[in-house]
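Here's the structure we're looking at; comments come further down.
The values are calculated or read from the model by the stated rules, or taken from the named source; none is laboratory data. Predicted model only: the values in this text are computed from it and were never measured. For neighbour counting, all protein chains shown are included, and Cβ atoms are generated from backbone atoms with ideal geometry for every residue, glycine included.
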Amino acid sequence: MLPAFFHQTPFFRLLLPFITGIAAGFCYTIPAECCILACILSMMISGILLWKWQRLVPHRWRWVYGIFLNVFLLATGIGSVSLQSFVPSEQTEQGVWLAIVDEPPAEKKNSMKATVHIRANLTNEAASACDEHVMTYFRKDSLSRRIRQGDLLVITAVLNPVTNAGNPCEFDYRSYLARKHVGRSAFVESGHWQQLDSYAQGPLFNLANRIRNSLLDIFKRADLSGNELSVASALVLGYKADLDDVLRNAYAASGAMHVLAVSGLHVGVIYMVLMMILKPIPFLHRVKWLRALILLASLWLFALIAGLSPSVLRAAAMFSFIAAGEALQRRAYIYNSIAASAFILLLINPNNLFDAGFQLSYLAVISIVFLHPFLYGLLSFKHRLADNAWDLACVSIAAQAGTAPLSLFYFHQFPMYFILANFVVIPAATVIIYGALLLFAASLVPGLFEALGWLLDKFLYTVNFCIFFIEKLPGSVILGIRFAGWEILFAYALIAAISIWILTKHKTALLTALAFTALWVTGATIRSGHDLRQQQLIVYHAQGNSLLQFVDGRENTIWYASRNPSFNASGFTDNQRIAMHLRPAPCNLLDTALRTEKEPFLPGLYNNGNFVQFAGKQFAIFTRNMPPQDAGRFSIHADVAILTQNVNAGIPEIIKSYHPGVVVMDASSSQARIDRWEKECVEAGVKYHRVDRDGAFISAAADRVFALP
């Protein structure tokens, strides 16, 4: 069975070494020249072997040709990464910039966020050409809300390097943007930007933007607004800028988030509509290549309108292979189509391999194609409605089985009612797409247009009501699931072994699955034992706030101070809590906690005023309201002195009274005060750690003090 699979999927055989090359290119720095040389040599040898195959190489040695072909693909994967490598700029630069808005601006609390393409630096003398993508935040006002994708702007701003906060287990935002070739960010105040032109991205993108904006205006003319407009725009046009966090969380918690990303379902509906339109035209039955050309052009125009997201690219590429296969009168093998679309998209942009949406899209499709027939065959129903319901349930289970390990790793949650949510959103998505197409067609017919708009709005309201209802059901989502990188490997190895056993019924595959299960359980047990022994104090980088977390086994407590009433100390530490498998922690105001004696925050934590003892170390913590004590009264030795909230204290005075091994300055103090403390530490020859620059500070239970880079 497996040899037949590999024989029918040539692109799958090509994809494996190519993906390996991309992964190697990201892990190791290999010069592009070496990759090009390897490609040329392997291609030449492969060509010679293929041309003179029968005379040069006996049939039993044909694997030699395969080796050189794999070397070529491996080098191509590495070279594609080297040629598209991006090093973010570390320079802070102020200027006047000519920029094109790359994407629809998303509305945030105080700003409008969008990536812009800087094309020139404007000075009094001349304009110097630039080519840089910058994450830009425009001060939110009535004018910035009107910015659209493709607008040509002149902005006055400071470009700053994108940096991570340096907190443990935080999302690597810098690397995420670097994969999109974005290295710097800017904040643009009101009145510091001016629109020069609209639709300045180029003819093809301009056409797509005009069409999408026109269709969005049709939705608004039909009186769609709020969540209904947001869902219709995302589901039909791939326009997700208007989705707010509440709506996103509801769809994610219910297991229906996938429907808001234009994917195979949406492109499949568009494909069927196009086929219905083109089928009655007799001329196209005789000239099949012309019908295929119309289908391909329409599909890729829709993909362009939908924002060219990884999911829509994958779907458009797959249906393109299907359309081309029909034109050539060849039946497309679905696994080969999937592999071919992935190969082409990765060849264009190897960074797609590390995009969560791209990974989840392919895993979902492969799982559905492989598992759905097996699951569907387990039960049979004579009634058509029951059979359709079982079919839909099988699709949902198959997709969830394939994507669950990766979803747990990225999002740390699992929706319990995903089948119920899919019973709502999958049929609803089809109705919404058809309804939207009818609405667009009837936009010039008064009366009918208003009636269709009213029906679509009420239908969208009902769908959203169902999603919010599912989200609020008891136990709708399991949050805070810890799933490490090594567990992804074990999970998919286990799924692969079980799948091979289902296909071949070989006992070896079943024994392999049992072995992976045993190793997984062993690893989890060892990790749980480590969890019970962990002891740490973490001083987080929370700009403008003080945030300390004491960890003892699976218990922890949080001490914080903030001038911002909305600061969520518990939410700020969620990633670390999940990674360390901690129980939910009580949050205490820093000054109150320091003044509270004899309260068991943690079994091994003791505090007396500024002085805290924990994990075999002594910490001196100073706040604005609790500065250092008079040096004349006592002198103690502290392993760590922590300065917060612009405390009125000098380093010489702290050294005299507390003799700290290291001085930690958190991010709640002003830049000037921290600079002064740093200078005094250097003059005194004492070790120090700036949380605002060096990231979070971690003191472990062992006889050492260290900090995250």
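Glu170: closer than 27 Å to Pro203 by Cβ, part of a loop (DSSP other than H, G, I, E, B), touching a residue at least 12 places away in the same chain (Cβ under 8 Å) and acidic (Asp, Glu), yes or no?
Numbers: closer than 27 Å to Pro203 by Cβ: no; part of a loop (DSSP other than H, G, I, E, B): yes; touching a residue at least 12 places away in the same chain (Cβ under 8 Å): yes; acidic (Asp, Glu): yes.
So Glu170 fails the test.
Can you name every residue in region 452-477 that is of a type in the set (A, V, I, L, M, F, W, C) and surrounded by 14 or more Cβ atoms within 10 Å (Cβ to Cβ)?
Leu452, Leu455, Leu456, Phe459, Leu460, Val463, Cys466, Ile467, Phe468, Phe469, Ile470, Val477
From the set of residues in region 67-103 that are small (Gly, Ala, Ser) and part of a strand (DSSP E or B), which is nearest to the chain's Cα centre (by Cα)?
The selected residue is Ala99.
Which one of the conditions (1) under 24 Å from Ile211 (Cβ atoms); (2) part of a helix (DSSP H, G or I); (3) not aromatic (Phe, Trp, Tyr) does Leu408 fail to meet, given that it meets all the rest?
(1)
Of the conditions (1) over 22 Å from Ala253 (Cβ atoms); (2) touching a residue at least 40 places away in the same chain (Cβ under 8 Å); (3) touching a Ser or Thr at 6+ places or on another chain (Cβ under 6 Å), Ile502 satisfies every one except a single condition; which number is it?
The number of the failed condition is (3).
Among the listed residues Asn121, Asn160, identify the single one that is assigned to a strand (DSSP E or B), farther than 30 Å from His412 by Cα and free of Cβ contacts under 8 Å to residues at least 40 places away in the same chain.
Exactly one of Asn121, Asn160 is assigned to a strand (DSSP E or B), farther than 30 Å from His412 by Cα and free of Cβ contacts under 8 Å to residues at least 40 places away in the same chain, namely Asn121.
Being assigned to a helix (DSSP H, G or I) and hydroxyl-bearing (Ser, Thr, Tyr) is the filter; apply it to region 195-249 and report the residue that is surrounded by the fewest Cβ atoms within 10 Å (Cβ to Cβ). Quick ask: steps written out before the conclusion?
Taking region 195-249 as the starting set, the residues that turn out to be assigned to a helix (DSSP H, G or I) are 203-221, 226-237, 245-249.
Now restrict to residues that are hydroxyl-bearing (Ser, Thr, Tyr): 214, 230, 233.
Values: Ser214: 11, Ser230: 22, Ser233: 24.
Top of the filtered list is Ser214.
(1) assigned to a helix (DSSP H, G or I); (2) of a type outside the set (Gly, Ala, Ser); (3) within 30 Å of Phe171 (Cβ to Cβ): which one isn't true of Glu680, the others all being true?
(3)
Here are some residues: Ala701, Ala667. Which one is at negative phi, at pLDDT 90 or above and among the small types (Gly, Ala, Ser)?
Just a single option satisfies the conditions, and that option is Ala667.
Please enumerate the residues belonging to region 586-604 that are crowded, with 20+ Cβ neighbours inside 10 Å and under 38 Å from the mean Cα position of the chain (by Cα).
Result: Leu590, Ala593, Phe601.
For Gln535, all conditions in the list (1) free of Cβ contacts under 8 Å to residues at least 12 places away in the same chain; (2) over 29 Å from the mean Cα position of the chain (by Cα) hold save one; what is the number of the exception?
Status for Gln535: all satisfied but (1).
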